[in-house]
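Step one of this worksheet: look at the structure below.
The values are calculated or read from the model by the stated rules, or taken from the named source; none is laboratory data. Computed from a prediction, not measured in an experiment: that's the story for all the values here. Here the Cβ is made from the backbone with ideal geometry for all residues, glycine too, and neighbour counts use every protein chain on show. These accessible areas exclude ligands, DNA and RNA; they are computed on the full protein's heavy atoms, side chains included. Shrake-Rupley method; radii C 1.70, N 1.55, O 1.52, S 1.80 Å.
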Amino acid sequence: MYVYHFVPKGMKGSTLYPLNKLKEVYPDVFGKQSKKYEGREKVKDTEIPNLGTWNDVIHLSPIDPSEVRQALRDAGEPPSTDWSVFCIDVDLLDTHKLIIHVEFGVNKGGPVINLPFTEENYAQHCHLPDRTKLYYRRCAEAGRQVLMYGFAPHVLYGGTIDVSEIEIRE
């Protein structure tokens, strides 16, 4: 089982940090990375059971990036080609610090469930949901910027990740 994380542009060092930890370690990088929450500042206070808040965890995806690229193409939203991802084998992580975060409903702010990270839960949430594909189509039609993993399940990790030996996929 793999989880994925974008390789941050201008990444310093070989460790992925949660945003709140990044603020301490690399304040300049924190400033750049926190801009993605402009206009969505409230999300930073979202409680993640047993792991802290939204910014106390590393946000990973259980969805293979090739599936995301194809869904963007299918929606008429040509995917950017300037991103790459770390492909992280979950066996390298402490699974007690992993949860699967799933939002339900047709709009943001719908019901949320945080599931234990198990093979069964992973298998149920490792593909792009139809509502994400619909979101991509709506964004493409309206000419709006896509949040790459909008309405998609996330895997949240309450720790840091050494990526020095991790495969990077273009």
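Worth a mention:
- Only a single item in (1) outside any loop (DSSP other than H, G, I, E, B); (2) closer than 21 Å to Val68 by Cβ; (3) not aliphatic (A, V, I, L, M) is not met by Gln145, and it is number (1).
- Among (1) β-branched (Val, Ile, Thr); (2) in a helix (DSSP H, G or I); (3) over 22 Å from Gly76 (Cβ atoms), the one test that Val102 misses: (2)
- Some residue of region 103-115 being modelled with pLDDT of 95 or more, of a type in the set (Val, Ile, Thr) and open to solvent by 60 Å² or more (accessible area, probe 1.4 Å): no
- One residue stands out among those in region 52-74 that are open to solvent by 30 Å² or more (accessible area, probe 1.4 Å) and in contact with a Phe, Trp or Tyr (Cβ under 9 Å, 6 or more places away or on another chain): the one that is nearest to Tyr17 (Cα to Cα), which is His59.
- Cβ-Cβ contacts under 6 Å between residues 6 or more apart (or on different chains), taken from a first residue in region 142-170 that is touching a residue at least 40 places away in the same chain (Cβ under 8 Å) to a second residue that is among the hydroxyl-bearing types (Ser, Thr, Tyr) and part of a strand (DSSP E or B), are listed as Tyr149/Ser61; Thr160/Thr15; Asp162/Thr15.
- Verdict on Tyr149 being under 30 Å from Ser14 (Cα atoms) and among the hydroxyl-bearing types (Ser, Thr, Tyr): yes
- Residue-level check: of (1) in contact with a Phe, Trp or Tyr (Cβ under 9 Å, 6 or more places away or on another chain); (2) surrounded by 18 or more Cβ atoms within 10 Å (Cβ to Cβ), Tyr122 misses just (1).
- Where a residue in region 111-123 is of a type in the set (A, V, I, L, M) and its partner, wherever it lies, is open to solvent by 30 Å² or more (accessible area, probe 1.4 Å), with Cβ under 6 Å and at least six apart: Val112/Glu103
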